[in-house]
Ligand SMILES: Nc1ncnc2c1ncn2[C@@H]1O[C@H](COP(=O)(O)OP(=O)(O)OP(=O)(O)O)[C@@H](O)[C@H]1O
Ligand SMILES: [Mg+2]
């Protein structure tokens, strides 16, 4: 029953390979059937496009441009959302003052902000920072808020009986109680931010993966469009997986120690 | 060093000064010599009533007055919903009484402080801290010079020193309760409140935990106020038992338990034990029936 580690690694890699191969076969088959590289280029064409864009460096530039926008926006969003959400969770007057505003702003999708973002910030990086920050803000804020109000009275009482002063209370009880939710918010927020950057670049930027897709659509270079899409998908998946790994370091008490 | 670190409490809203007794007892225990001479842990309730509605009608606890002596083990028994937890909350300062007052060693209780400590029924450990950090939290907060060492000492007391570095969720329910007991004892409280601490455990673990608690009592010896549904548990552990009235909760009867009773080899076979047990059961049954028969649904 208990197989060695390398054996399990080989098995899971085989499954991964198979799950990637399957859509590839369907794609190949469909592309031959359609026989129109503008509507659906064959995988070989896309692979060639990927090699080409990688070797001339343009794809890397676009990737870095997008990543930089996502992380900047994400960082701004975290820095604003987490403290404000926790303060609102802990102080009722703040909650009463600002929660209605958040409730109304939340349903507005980031894309609806793009016209304002362009008017305010012009083209370039700034509107993209604004949009990525906005997209990450609400999941981070709402989860952090939920985490903040989730602190158990029993834990507060226990800590008081144990003699905790204000600082220990905040650091070891309030913040740690909120941490799992905050982390969930960060994970969702990063995903939202990554999707939003493409949206923002489609309209308000002159670099990045979103811009690259848009430019190649106009030129009917569908294989480049697909390259862009695949890179977006793979990078997004890597981010999600990476954060999943980090979770064991950040929330170790959620995992069985081996 | 001790006094200096303990003054951090000055910042907190506290009527009971933990510097005096708790601090000194902590030092005594750290030195390995609990001093029996200066007995602490007198709990006094004077006309305590609790009501959760604004016009003070429908009291959950009504006019309870009692005194508990230092080092005494007192148990509240009574039907579900009669106000046992509410009473413990009041004694611990987690809830302010609507009328009346509570004091420990002459100091009014208005907020949770290290003079008391509580073992809740379940899930009160800080699940994000390793077992040893849970137990060390109190000594650390109180400025003990070696919180980790202190934690290990109390973990050994409950037989869990091998589990110091794991997270609480990897432990069984009974082990978690032992950690909670170690954590509570590590601040050397004058009064230990235990609200059905073994309620979630199976019968076997439960009886082992009861024996452990009896053993522990003699090495730490605070006043213990205990809540349970289990008459045998109450008889086994307590010096005094209060059977509670239902709706509104109050003290129905006080029963002193002869210490010889639990020292006999098999108390269950003992005639007078049996008699006492039957009497208490009958009283609880009477109160429970009242809850169900009342036209207003039990309040
Ligand atoms: N915060 C509250 N607000 C309103 N009513 C409450 C509150 N806390 C407790 N009560 C009521 O007080 C009564 C006593 O509750 P309490 O928890 O003290 O009972 P208990 O004796 O501990 O019961 P159990 O044995 O089931 O734990 C119950 O009727 C309950 O509904
Ligand atoms: Mg209760």
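Here are some notes:
- Top-ranked residue in segment A:104-124 [being in contact (Cβ under 8 Å) with a residue 40 or more places away in the chain and under 18 Å from the mean Cα position of the chain (by Cα); ranked as farthest from the other protein chains (Cβ to nearest Cβ)]: A:111
- In summary, residue A:66 fulfils each of the numbered conditions (1) free of Cβ contacts under 8 Å to residues at least 60 places away in the same chain; (2) under 20 Å from residue A:199 (Cβ atoms); (3) in contact with a helix residue (DSSP H, G or I) (Cβ under 6 Å, 6 or more places away or on another chain) with the single exception of condition (1).
- Within segment A:145-160, being within 25 Å of residue B:137 (Cα to Cα) and more than 14 Å from chain B (Cβ to nearest Cβ) holds for A:148, A:149.
- Among the candidates B:130, B:148, the residue that is more than 10 Å from chain A (Cβ to nearest Cβ) and within 21 Å of residue A:176 (Cα to Cα) is uniquely B:148.
- The number of residues in segment B:109-124 being more than 14 Å from ligand 2 (Cβ to nearest atom) and either within 14 Å of the chain's Cα centre (by Cα) or buried (at least 24 other Cβ atoms within 10 Å of the Cβ) (or both) comes to 7.
- Single residue of segment B:84-108 satisfying the filter (within 14 Å of chain A (Cβ to nearest Cβ) and away from ligand 2 (no atom under 16 Å from the Cβ)) that is surrounded by the fewest Cβ atoms within 10 Å (Cβ to Cβ): B:96
- Unmet criterion (only one of (1) touching a residue at least 40 places away in the same chain (Cβ under 8 Å); (2) farther than 19 Å from residue B:220 by Cα) for residue B:181: (2)
- Criterion violated by residue B:114 - all others in (1) more than 7 Å from chain A (Cβ to nearest Cβ); (2) over 20 Å from residue A:177 (Cβ atoms); (3) in contact with a helix residue (DSSP H, G or I) (Cβ under 9 Å, 6 or more places away or on another chain) satisfied: (1)
- Some residue of segment A:13-24 being part of a helix (DSSP H, G or I) and surrounded by 16 or more Cβ atoms within 10 Å (Cβ to Cβ): no
- Check on residue B:81, within 15 Å of ligand 1 (Cβ to nearest atom), away from every other protein chain (no Cβ under 14 Å) and either surrounded by fewer than 24 Cβ atoms within 10 Å (Cβ to Cβ) or assigned to a strand (DSSP E or B) (or both): yes
- Criterion applied to A:101, A:123, A:86 was being at negative phi, assigned to a helix (DSSP H, G or I) and either touching a helix residue (DSSP H, G or I) at 6+ places or on another chain (Cβ under 9 Å) or crowded, with 22+ Cβ neighbours inside 10 Å (or both), and the one residue passing it is A:86.
Since every read-out is calculated from the coordinates, none of them should be taken as a lab result. Please read these numbers as outputs of a predicted model, since none were measured by experiment. In this analysis, Cβ positions are derived from the backbone assuming ideal geometry, glycine residues included, and neighbour counts consider all displayed protein chains.
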